[in-house]
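Heads up, the thing below is written out as structure tokens.
Every number in this text was worked out from the coordinates using simple rules, so none of it is lab data. All values reported here derive from a predicted model rather than from experimental measurement. Please note: Cβ atoms are built from the backbone with ideal geometry, for glycine as well, and neighbour counts cover all protein chains shown.
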Amino acid sequence: MHFLIRLFPPRVLVLLSTLLLLILDVFSFYGLYTNKFYFLKFDNYIFPILSVVHFTYLYLILVKLITKKAADPQLRNVEYVLYFIYSIYVFKFFESIYRLSTINNFEEIELHENFLPIGLLIMTLNFALLTLTLLIFQYRKVIIGSFKFEELDGNKH
């Protein structure tokens, strides 16, 4: 873990995660089979809307790192919502693998030449987002500290 902390300092990790989210937000509108962007489909807006929670979490992590404060209930609540959103990230990763695996199903139809490179790029970006999100969770535990429920909820007896 200490090697990863030296390799990816927390601020660099927040910056990389932000860039990945922005790129994947753009690619959520991209139709891999048709090589076009679709802005009128409601399904394409789900990932960008959910990524707002991830941006909020990254902002809270950055504020905690700068001010050197401990975890608070807001950070805990956003992190718990991000655990659910992480499962959607896993789904998106496996969906990109599935789309790439269907290349042989379209032998009679000529797919555009960008299908495989863009598909591999999207799959790699999704995997990188999964990895960086897990690293951010680990950094929060190591650097900011764990959640102490009695102190966070104000229920000290």
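Key figures
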read-out: Simple spin-label estimate for Lys36 and Ile143 in nanometres, 7 Å along Cα-Cβ; value: 4.4 nm
read-out: Leading residue at positive end of dipole, the stretch 19-146 (Cβ point charges), from Asn35, Gln138, Leu121; value: Gln138
read-out: Max mean-square fluctuation residue, GNM over the chain, Cα-Cα springs under 10 Å, options Asp43, Asp25, Asp72; value: Asp43
read-out: Dimensionless Rg over Rh [the chain; C-alpha; Kirkwood]; value: 1.07
read-out: Lysines whose Cα lies under 20 Å from that of Lys36, excluding same-chain neighbours fewer than 8 positions away; value: Lys92
read-out: C-alpha long axis of helix 46-67 to longest principal axis of the chain, angle in °; value: 30 degrees
read-out: For the chain, with +1 on Lys and Arg beta carbons and -1 on Asp and Glu, the positive-most of Ala70, Leu111, Phe94 along the dipole; value: Ala70
read-out: Candidate lysines - alpha carbon under 26 Å from Lys69, same-chain residues fewer than 8 apart omitted; value: Lys141, Lys148, Lys156
read-out: With Cα atoms, 0 to 90° folded angle of helix 10-27 axis to the chain main axis; value: 30 degrees
read-out: Cα-based helix-to-principal-axis angle, 115-139 vs the chain, degrees rounded to 10; value: 10 degrees
read-out: Fluctuation leader among Thr34, Thr133, Thr18 - the chain, Gaussian network, Cα springs under 10 angstrom; value: Thr34
